[in-house]
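Below you'll find the structure, written out as structure tokens, and then a few comments.
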Amino acid sequence: MKFVFTILLFSLCLLVSYADAQRSLPIHRVSTPPLIDGELEDSVWQHCDIAGDFTQSIPEPDRPSHYRSEVRMCYTDKAIYLSAHLWEPAMVCLKQTTARDMLFNANADVFTLFLDTYNDHQNGFAFKVSSARAQHDERLSNSSEYGDVSWDAVWDSKIKCTEDGWQLEMEIPFSALRFAQSDNMIWGINFLRTVRMKNENSYWNRVDQQKQGFLAQTGLLQGLENIRPPKRLFLFPYLSSGFLQQQEEGVSTKRWLRSGGLDIKYGLSESFTIDMTLIPDFSQVISDNLVRNLSPFEQQLSENRPFFTEGTEMFNKAGIFYTRRVGQTPSGYYDIRAKYGDTALYTIEKNPNVSTLYNAFKISGRTKGKSGFGLFNAVSAPMYATIKDKTTGAVFREKTEALTNYNVLVYDKSFRGQSNLNFTNTNVLSPEIHRIANVSSLILDQYNRKETYSLRLLGKLSQIRQNQDKSGTAFGLVFSKITGKLTYSITADLQSLNFDKSDLGIQFDYNNSSQSFTISYNENKPKAKILQLYRLRSTHRFRENTFPFLWKDYEATASCFLLMKSFWDITYSIESKPFTPIDFYQLGRWNKRLQTNPYLFQSMDGSSDSRKKLFWSYFAGYGFSNRSHTGYLYLNHSLRYRISSRFDVTLKGELTRDDGSIGYAYYDETSKQPIAGQRDVREYSGECSVKYNFNPNTNITARFRHYNSFIHYLSFHQVDEQGAWLESAIPFQPGYDENFNLQNIDIFFNWIFRPGSRMVCSYKQWLNDAYLLNAETGNTYFQNLGSIVKKPHAYEFSLRIIYFLDYNKWKRA
């Protein structure tokens with residue numbers, strides 16, 4: 001291993017060359033800013049340098065754009081300004097109306113400004129404007145072209161459609177950006193023009209699609225001198241009110257909801273910002289896509305709360321921070337339901353399923369030396385359940401969650417090119433239960449000068465102190481060729497028995513080692529007339545238990561992605577575990593292994609041309625094993641129909657038919673052994689979504705979702721020391737079959753009534769305790785759909801107003 005590592009480092013040192021030449025755009029200070037109206041008639045624009053001659057990335061890579069574009073820029077002490085004249089025939093320009101930050105695959109032409117304000121090739125901003133006046137902004141990280149959509153800046157833009165195309169103007173205040181102040185700044189910059197009817201993307205500074213690192217391929221913006229940004233103090237006070245009705249554990253609850261709070265953004269310097277939320281209320285977020293989880297690990301949920309999605313890219317680099325831990329379901333929530341669930345004896349009057357936060361804040365920024373620092377902190381309140389004893393009439397409380405402090409500290413250092421060093425530490429402190437969970441991560445990403453090869457080294461350490469100390473480690477190495485048609489990567493990971501990041505992270509394996517090799521071939525200029533591009537990829541992975549060293553499985557995958565000239569795409573994939581895999585987790589609590597089925601799985605997925613009114617995406621896969629009754633079928637289809645430029649409807653359907661499911665069923669008190677069950681699993685999910693955009697600042701969205709899972713047990717078995725099923729099945733135990741249902745309705749009306757300020761009106765509905773229909777296990781999916789409509793539902797109606805206050809305008813007023 002030491003020899004291989006030496007060879008890899010030696011190879012990196014030999015591969016030294018120079019980066020491709022960058023285009024540059026001079027920018028000049030003006031005393032009078034242009035009027036942002038889309039007219040381009042201000043005299044200031046006549047004296048600005050022109051950026052033009054865009055180069056396609058698709059459909060004809062590296063050829064000049066078919067459409068003429070001219071971009072000009074200037075700046076004042078307070079803001080940076082941009083104008084763009086984009087020529088094209090009137091019949092080509094598409095203008096679908098979308099909501100703010102919803103320009104992905106929109107049927108509209110789009111212009112994008114990319115800024116790498118630190119010129120570190122890793123962090124930046126994207127500002128987009130569509131031909132239908134919609135704005136979209138993102139915070140970029142990891143040198144990617146796509147970033148954090150939840151990041152919202154307050155900036156202005158106007159567009160005007162003309163006979164020869166369309167034109168736009170932007171005003172981006174320096175207070176909306178972060179940068180390391182100096183007398184003469186040089187920023188990375190690029191422009192992207194998307195002509196949707198032709199699906200043409202073209203960049204001002206050429207972008208090589210076969211090279212990793214988008215921000216490493218920007219041009220240079222030169223001439224920003226002596227910028228003194230204004231004080232950045234933004235206040236977002238909010239008021240909300242609503243009504244909640246629900247019935248849980250036999251108790252009906254009706255109450256008015258009243259809440260108020262404040263979010264604060266304060267610029268500690270031109271580079272560093274502190275974000276704070278006081279008395280946060282996260283009720284107005286879309287419902288989670290929960291499922292019946294048969295795995296030994298928790299379901300990972302998407303983060304929908306704005307405070308925990310905006311500007312957290314630095315805190316998530318190491319993969320040890322799972323934001324849903326903060327404000328999660330109290331750890332004792334289900335214990336209360338199990339202990340006092342007998343409605344004849346007890347009434348659970350209150351049992352909150354979400355922990356309340358006192359406050360949360362995050363500080364982040366970068367220095368002139370390209371060093372980034374980040375600090376996140378949140379404090380959750382102790383939570384209590386209220387129970388009434390029906391026999392004595394006594395009402396008492398039990399604690400379900402202790403007071404907890406969550407903390408994340410990050411140091412992120414950028415070197416030449418995309419090379420980077422990242423240190424992250426998470427700490428969870430629960431003083432009432434005397435528990436401290438501390439996890440640290442150190443990651444080094446090293447690139448050669450031409451950035452054709454990369455080496456990643458990582459190490460992690462976890463320490464948990466409660467009654468008895470426990471510590472664990474994890475190490476990893478990734479060597480990759482990242483540029484050119486042929487790319488590959490070699491990966492090795494080792495994780496010790498006691499490594500545990502789950503207090504503030506999410507973890508899906510323990511005591512695990514793996515080695516993998518991936519090879520890819522990417523061709524974006526194929527000679528075939530019908531092909532736009534294709535990608536071939538294959539991965540081979542071995543996994544073992546670290547201690548004691550025991551084999552787990554070998555997995556091989558291969559895929560072929562084809563993008564047609566018609567912009568339909570298709571991917572064929574094949575995946576196999578040809579040798580009997582060993583599962584150390586299903587029965588891991590009892591130190592038992594479980595042999596599962598070897599399999600071969602093939603799938604086909606893809607989508608139609610998203611420019612058309614009717615858009616179809618699909619996935620169909622079938623797998624089987626060399627054992628009887630082990631077929632696996634998975635189907636997922638989505639149809640979106642664009643009724644008009646403002647109105648579209650999407651229908652989604654998902655089906656899983658698993659005849660080879662094997663896993664933990666129950667614990668047998670007689671034999672003192674965990675029992676594994678063979679089961680048929682049927683999962684169905686249906687969803688209908690509606691979007692109507694009155695204009696880019698006003699829209700209504702609605703979603704109806706129903707999820708259904710049938711679990712039917714066929715036999716029960718004990719397992720031997722090797723995890724093999726004992727041939728003689730134990731006597732069948734009835735009562736373990738399930739008919740599990742979830743249903744959610746989410747309706748939101750959003751109105752941005754002034755920049756940064758909005759009103760949100762929401763209606764949410766969900767099932768109460770009626771998600772188990774185990775007395776109706778013979779139902780079909782549609783019979784279940786009819787049954788749950790008749791069951792008791794909970795609903796919540798709320799109205800929230802968020803107002804944006806800028807200290808600078810407030811002070812002048």
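The values are calculated or read from the model by the stated rules, or taken from the named source; none is laboratory data. Owing to the predicted nature of the structure, the values given are computational and were not obtained by experimental measurement. Positions of Cβ are backbone-derived with ideal geometry, glycine not excepted, and every protein chain shown enters the neighbour counts. Protein only, heavy atoms only, side chains kept; ligands, DNA and RNA dropped before computing areas. Shrake-Rupley method; radii C 1.70, N 1.55, O 1.52, S 1.80 Å.
Here are the numbers for the structure shown:
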item: Residue 434 accessible area, 1.4 Å probe, all protein chains in place, Å² to nearest 10; result: 140
item: Exposure ranking of 121, 136, 637, 47 by accessible area [1.4 Å probe, largest first]; result: 47, 637, 121, 136
item: Average accessible area per residue (Å²) across the chain - probe 1.4 Å, nucleic acids and ligands excluded; result: 46
item: Candidate aspartates and glutamates for bridging to residue 399, where Cα separation is under 13 Å - those fewer than 8 sequence places away on the same chain excluded; result: 335, 432
item: Calculated diffusion of the stretch 650-726, Stokes-Einstein form, Kirkwood radius summed over Cα pairs, 20 °C and 1.002 mPa s, µm²/s; result: 134
item: In degrees, nearest ten, helix 781-790 long axis to first principal axis of the chain (Cα); result: 90
item: Distribution of pairwise C-alpha distances over the stretch 596-715, 10 Å bins, in %; result: 12, 29, 25, 18, 11, 5, 1
item: Ellipsoid semi-axes in whole angstrom, largest first, where each is sqrt(5λ) of the Cα gyration tensor of the stretch 687-813; result: 50, 20, 12
item: Rounded accessible area of residue 688 (nearest 10 Å², 1.4 Å probe); result: 50
item: Nearest-ten-degree value, helix 2-14 long axis tilted from longest Cα axis of the chain; result: 10
item: Rg(Cα) / (2.2 N^0.38 Å) computed for the stretch 101-238, rounded to two decimals; result: 1.09
item: Solvent-accessible surface (1.4 angstrom probe) belonging to residue 649, in square angstrom, nearest 10; result: 40
item: The stretch 343-471, Rg to Rh (Cα coordinates; Rh as Kirkwood inverse mean 1/r); result: 1.22
item: Quarter of Cα convex hull surface for the chain, i.e. mean projection, nm²; result: 37.3
item: Peptide ranges 226-238, 443-455 listed from the most packed, as the mean C-beta count within 10 angstrom indicates; result: 443-455, 226-238
item: Overall Cα dimensions of the stretch 468-511 - principal axes, largest extent first, Å; result: 52, 17, 12
item: Part-to-part distance (alpha-carbon centres) for the stretch 565-624 and the stretch 396-440, which is given in Å; result: 34
item: Probe 1.4 Å, all protein chains present, accessible-area order of 129, 44, largest first; result: 44, 129
item: Share of carbon and sulfur in the accessible heavy-atom surface of the chain [1.4 Å probe, %]; result: 56
item: For the stretch 781-813 and the stretch 265-301, distance of Cα centres in Å; result: 16
item: Set of lysines near residue 160 by C-alpha distance (under 30 Å), chain-local residues within fewer than 8 positions excluded; result: 78, 95, 128, 198, 612, 613, 691, 809
